[in-house]
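The values are calculated or read from the model by the stated rules, or taken from the named source; none is laboratory data. As the structure is a computational prediction, the values presented were derived from the model and not from experiment. No Cβ is skipped: glycine too gets one built from the backbone with ideal geometry, and neighbour counts run over all protein chains shown.
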């Protein structure tokens, strides 16, 4: 009995050992076949590697760059919500472009090897083993591409300005995970195709998987017609390539339409009220965080005195000076005694123009009622929306106003309502009320209208004598905004160019694959009388068909998308300086770029076709 048990244990151990040996041999065989496939498809694997590497770096760069831009845009326009929309849109476009490009290249490579996989099936390979072969190729590519991409992304996160290294690291890992998901999804279709196809069906496939379909009617085939037939012989590949080029073109049209539609002068003019040329203001650089950016300390001993006002107004170059007065204000709920910070009460600079903005009610009267200050509410301002107040004409609210030496409680009565989404201030009143209740000089800004540049040095001389005031020039502000948007445009151009590479790599891979598969056919066409010039023309037409079909699709879809995008962005709060302009320079540049790409691709294709003699090409 014991001998039988020992014999059974020995046999079980032997079977386990044999099973482990078989599994080890199976893994080795799968690795060997996968490596052989990767060597044979080295060009396509390089393209996939470049796409994976570029997509990982690009996603990381996009997220980090837009996090920084989020704060830059806030400092300029005071709005940031639209940046989030742009960020997610760009990430979506990168994801689609990456997924389509990788899927197309991998699918072409798998279909070209369908006969080899069929032979493996005929000798006993299972579906699971075929899946493992392709999966091993995928893992090899990821191991080869992701580590250097992560290292480069970390370097990018450190180089880019802004203290967001924590966000940078999180973004990099999210990008890597997202790329892994995309690559895995791109390999799913080839796996399903190879696992479902039967050996007999696969063996029956000819070596040329894109043979022209035989037409029932005979017709004269010119190089132009042949090029169209070859290009459309596999509709899915043709449509996928056109869609990829169209998608990148639409993205470029949209982005360049927005960038070219930015009116920097209008952006600067909004800061310089009443078409002023200079702003003389309290120097905000002297304020500390402990002061909560309040001007009260400077107002108590304000350098913007009446004597200085008269001195500047008496200058012959000065046409007009407008004063802006502000006092800190908090709204008090009389029932709950809850306090809401409303930032401040701002004086109305030009009553005539301000009255045109009223949508309800009247302007504040110059003579005050008993202990009541008439005000105008801006329903569209961020400060009013954040306060969650709901006021109508005639409503009265209690406010605590910092008058300098004390906090004064004053009743505010809504006399009018405006709806200006481009203004950040919520409450306006006549400047006389602010002067009446305050113990200090509430002037914050003086808007100086001159029309001449001779006065600039005189104003800078005044500023040089007192560091409590600062001077801003409209001309310098326009230049500052122009430089900022120029740098932003250059970064966007580089970013869009990298995205478009995915589409062009996909088209390049398709054209090269077609050439390799048709070498024998082209040799036979040349043998029966087609000249090399006609073959070159045929290739040029086919390449042009891909590129310029994508260009036409980009124009048809990109132009209306650009118009709609500009109009929608212009409707957002604080983005009033965008007016659609047709991107003429981009259109010319893009068309020239396509012509250069077409020339380069055609020359490369011709070098492959005519590398060997006709006889050698037919024998291949």
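Where strands (runs of 3 or more DSSP E) fall entirely within the stretch 345-396, those with at least 1 residues that are within 17 Å of residue 435 (Cβ to Cβ) and either at pLDDT 80 or above or in the same structural domain as residue 420 (by TED's automatic domain parsing) (or both) are at 345-347, 372-378.
If you check every pair at least six apart or on different chains, which have Cβ atoms under 6 Å apart with a residue in the stretch 299-327 that is within 16 Å of residue 456 (Cα to Cα) first and a residue that is assigned to a strand (DSSP E or B) second? Here the result reads 313/321; 319/449; 320/449; 321/446; 321/448, each pair linking the stretch 299-327 to a residue that is assigned to a strand (DSSP E or B). Within the span defined as the stretch 401-417, every residue fails to be closer than 15 Å to residue 340 by Cα, surrounded by fewer than 17 Cβ atoms within 10 Å (Cβ to Cβ) and out of contact with any strand residue (DSSP E or B) (no Cβ under 7 Å at 6 or more places or on another chain). A count restricted to the stretch 432-463 and to residues that are within 43 Å of the chain's Cα centre (by Cα), within 17 Å of residue 303 (Cα to Cα) and either free of Cβ contacts under 8 Å to residues at least 24 places away in the same chain or not in a strand (DSSP E or B) (or both) stands at 4. The selection criterion, being at pLDDT below 80, in the same structural domain as residue 454 (by TED's automatic domain parsing), over 22 Å from residue 468 (Cα atoms) and surrounded by 15 or more Cβ atoms within 10 Å (Cβ to Cβ), does not hold for residue 331. Scan the stretch 398-420 for residues that are outside any strand (DSSP E or B) and more than 18 Å from residue 348 (Cβ to Cβ) and the total you get is 4.
Looking only at the stretch 508-548, count how many residues are under 27 Å from the mean Cα position of the chain (by Cα) and crowded, with 18+ Cβ neighbours inside 10 Å. Before the answer, list the steps.
We begin by selecting, within the stretch 508-548, every residue under 27 Å from the mean Cα position of the chain (by Cα); these are 508-509, 546-548.
Those still in the list that are crowded, with 18+ Cβ neighbours inside 10 Å too: 508-509, 546-547.
So the answer is 4.
From the list 566, 555, 543, the lone residue that is modelled with pLDDT of 80 or more and in contact with a strand residue (DSSP E or B) (Cβ under 7 Å, 6 or more places away or on another chain) is 566.
Being in contact with a strand residue (DSSP E or B) (Cβ under 7 Å, 6 or more places away or on another chain), at pLDDT 85 or above and within 26 Å of residue 401 (Cα to Cα) is a condition met by at least one residue of the stretch 265-280. All of (1) at pLDDT 75 or above; (2) loosely packed, with under 15 Cβ neighbours inside 10 Å hold for residue 213 with one exception: (1). Only one of the listed residues (314, 296) is over 20 Å from residue 350 (Cα atoms) and modelled with pLDDT of 75 or more. That residue is 314. The set of residues in the stretch 518-565 that are farther than 26 Å from residue 600 by Cα and in contact with a helix residue (DSSP H, G or I) (Cβ under 6 Å, 6 or more places away or on another chain) comprises 527, 557, 561, 562, 565.
Given the residues 318, 264, which is the only one that is farther than 30 Å from residue 553 by Cβ, buried (at least 17 other Cβ atoms within 10 Å of the Cβ) and assigned by TED's automatic domain parsing to the domain that holds residue 500?
Numbers: 318 fails: assigned by TED's automatic domain parsing to the domain that holds residue 500.
Unique residue meeting the criteria: 264.
In the set (1) buried (at least 17 other Cβ atoms within 10 Å of the Cβ); (2) under 16 Å from residue 230 (Cβ atoms), residue 566 fails one condition alone, (2).
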